[in-house]
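A short worksheet on the structure shown next.
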């Protein structure tokens, strides 16, 4: 089963780093967030990836072209005019990674339309290249098959940034408490499952997935929500990047369900 990862956006809201690399290549714990997302899918046995590239696609392509080299111990021997490399360990993820240039300014729906020739006949996963979660992908897929819709989206309740104030009619604060996930609305967390028929709802590069395709699927009663009450965090800002770094450095990153 294919896993499509949207990795072509400009990442303007985290421009401190995205002016040098695409947002999915910004590192958490020394590894691109894209790697963290792929490790989650791989943990559940989904190892066939299609990466929708766009902005600074060269960075993503160079990363995977040297992936084997960067993840193993090696020796280089230049003596006597030689140029030999010896790999001392063969540790490698069992991934097939297809990198497709889906355009610099193509919208999310248009990117999926462009990779249609690389899809299989059955359902496929779609997610964004900037969010991590501990969602159980097998349960998500089972839910999608059971409901029988066109699209299933994973929804989550993000932790609020600010505390809640209870204010009386006289303007006095009667209670101050930290905002909890249950105080916020359910949001689209990515980690979607789609049927190939969704492609018929995407016209061209200008189609935003989250507008007409998903709105039309909902109007037809073919859009389902898999409510995930576990961990989910996107990385839109440097503050969120630093928060993910703190999780990782603590050795208790909630999305790290795999073993080294």
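The values are calculated or read from the model by the stated rules, or taken from the named source; none is laboratory data. Values in this document were obtained by computation on a predicted structure and should not be read as measured data. Cβ placement follows ideal geometry from the backbone for every residue including glycine, while neighbour counts extend to all protein chains displayed.
Assorted remarks:
- Of the criteria (1) buried (at least 18 other Cβ atoms within 10 Å of the Cβ); (2) under 30 Å from residue 141 (Cα atoms), which one residue 95 fails: (1)
- Condition check for residue 200: within 26 Å of residue 147 (Cα to Cα), without any contact (Cβ under 8 Å) to a residue 24 or more places away in the chain and either part of a helix (DSSP H, G or I) or in contact with a strand residue (DSSP E or B) (Cβ under 9 Å, 6 or more places away or on another chain) (or both): yes
- Residues of the stretch 26-44 satisfying the condition of being touching a residue at least 12 places away in the same chain (Cβ under 8 Å), outside any helix (DSSP H, G or I) and either more than 10 Å from residue 248 (Cβ to Cβ) or out of contact with any helix residue (DSSP H, G or I) (no Cβ under 8 Å at 6 or more places or on another chain) (or both): 26, 32, 44
- Residue in the stretch 79-86 that is assigned to a strand (DSSP E or B) and surrounded by 22 or more Cβ atoms within 10 Å (Cβ to Cβ) present: no
- For residue 255, the criteria (1) more than 14 Å from residue 33 (Cα to Cα); (2) in contact with a strand residue (DSSP E or B) (Cβ under 8 Å, 6 or more places away or on another chain); (3) assigned to a loop (DSSP other than H, G, I, E, B) hold in every case but one, which is (1).
- Considering residues of the stretch 109-124 that are under 11 Å from residue 6 (Cβ atoms) and in contact with a strand residue (DSSP E or B) (Cβ under 6 Å, 6 or more places away or on another chain) only, the residue surrounded by the most Cβ atoms within 10 Å (Cβ to Cβ): 111
- Restricting attention to the stretch 125-140, the residues being out of contact with any strand residue (DSSP E or B) (no Cβ under 6 Å at 6 or more places or on another chain) and part of a helix (DSSP H, G or I) number 3.
- Filter pass, residue 252 being within 18 Å of residue 131 (Cα to Cα), over 19 Å from the mean Cα position of the chain (by Cα) and modelled with pLDDT under 95: yes
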